[in-house]
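Here the structure comes first, spelled out in structure tokens, and everything after it is commentary.
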Amino acid sequence: MSNKAQPIIHPTWDWLMNHKVAWIGFGFGSGLASKAPGTWGSLVGMLLAGLLLGCGVSKLGLFVLAVLAFVVGIWICNHTERALGVHDYSGIVWDEIVAILLIYSVIPQGFFWWLIGFGAFRFFDIVKPQPISWADSKVSGGLGVMLDDVIAAVYAMLLVGILAAIFLINYDNNIADSQ
């Protein structure tokens, strides 16, 4: 979530209502938050994932939706960038929403795992270890906006997968030892 430059215009709720694609790019308005817009966008992604899964969408269905949202998100973020006149403005949070959908489509379900996945994603998205920082600084346009967050999502999924494997192995061993 780099905020390397200020936009040509200052986005407001009224501006978003007149720029519907930017409204989506700003995570339905969550990107207007003055503090931590990426975290607010991620929370919108968490809510959306919960609603979709709660309405019967499978994890595979959520994964497919996340992939489609990534592809469409390249256009959404590119359009929003152009409207703002600046690359990867921090208020563009569609990338965080898509990343959270992707994470929750893969990791184990449950509050604990969702909390770990959320925290891991925010950590990697903020710290930007390689190749996240490379994608953030070298890939332009909507693809650049989307790509660094998807890489951060992959890091988060790997971390949660490792933690889940350790937890489940210890859990299974404890069950076997008690029998």
- Message: Can you report the number of residues in the stretch 86-109 which are more than 14 Å from residue 42 (Cα to Cα) and open to solvent by less than 40 Å² (accessible area, probe 1.4 Å)?
- Response: 5
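Can you confirm whether residue 35 is closer than 24 Å to residue 119 by Cα and either touching a strand residue (DSSP E or B) at 6+ places or on another chain (Cβ under 6 Å) or charged (D, E, K, R) (or both)?
Taking the combined requirement at face value, the residue satisfies it.
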- Message: Among the residues of the stretch 17-73, what is the count of those that are of a type in the set (Lys, Arg) and out of contact with any helix residue (DSSP H, G or I) (no Cβ under 7 Å at 6 or more places or on another chain)?
- Response: 2
- Sort through 45, 31, 54, 38 and tell me the only one that's more than 21 Å from residue 79 (Cβ to Cβ) and either of a type outside the set (A, V, I, L, M) or modelled with pLDDT under 95 (or both). 54
- What number goes with the only condition from (1) at pLDDT 95 or above; (2) among the acidic types (Asp, Glu); (3) over 20 Å from residue 30 (Cβ atoms) that residue 172 does not pass? (1)
- Item | Search result, residues across the stretch 12-28 that are outside any helix (DSSP H, G or I) and either surrounded by fewer than 13 Cβ atoms within 10 Å (Cβ to Cβ) or hydrophobic (A, V, I, L, M, F, W, C) (or both) | 12, 26, 28
- Message: Can you tell me how many residues within the stretch 29-74 are within 18 Å of residue 18 (Cα to Cα) and open to solvent by 50 Å² or more (accessible area, probe 1.4 Å)?
- Response: 1
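Tell me, which residue of the stretch 75-85 that is open to solvent by 50 Å² or more (accessible area, probe 1.4 Å) and in contact (Cβ under 8 Å) with a residue 60 or more places away in the chain is nearest to residue 98 (Cα to Cα)?
The selected residue is 75.
The values are calculated or read from the model by the stated rules, or taken from the named source; none is laboratory data. Because the structure is predicted, anything quoted here is derived from the model rather than measured. Using ideal geometry, Cβ is built from the backbone for each residue, glycine included, and neighbour counts are taken over all protein chains shown. Remember, those area values only see protein heavy atoms, side chains included, never the ligands or the DNA or RNA. Shrake-Rupley method; radii C 1.70, N 1.55, O 1.52, S 1.80 Å.
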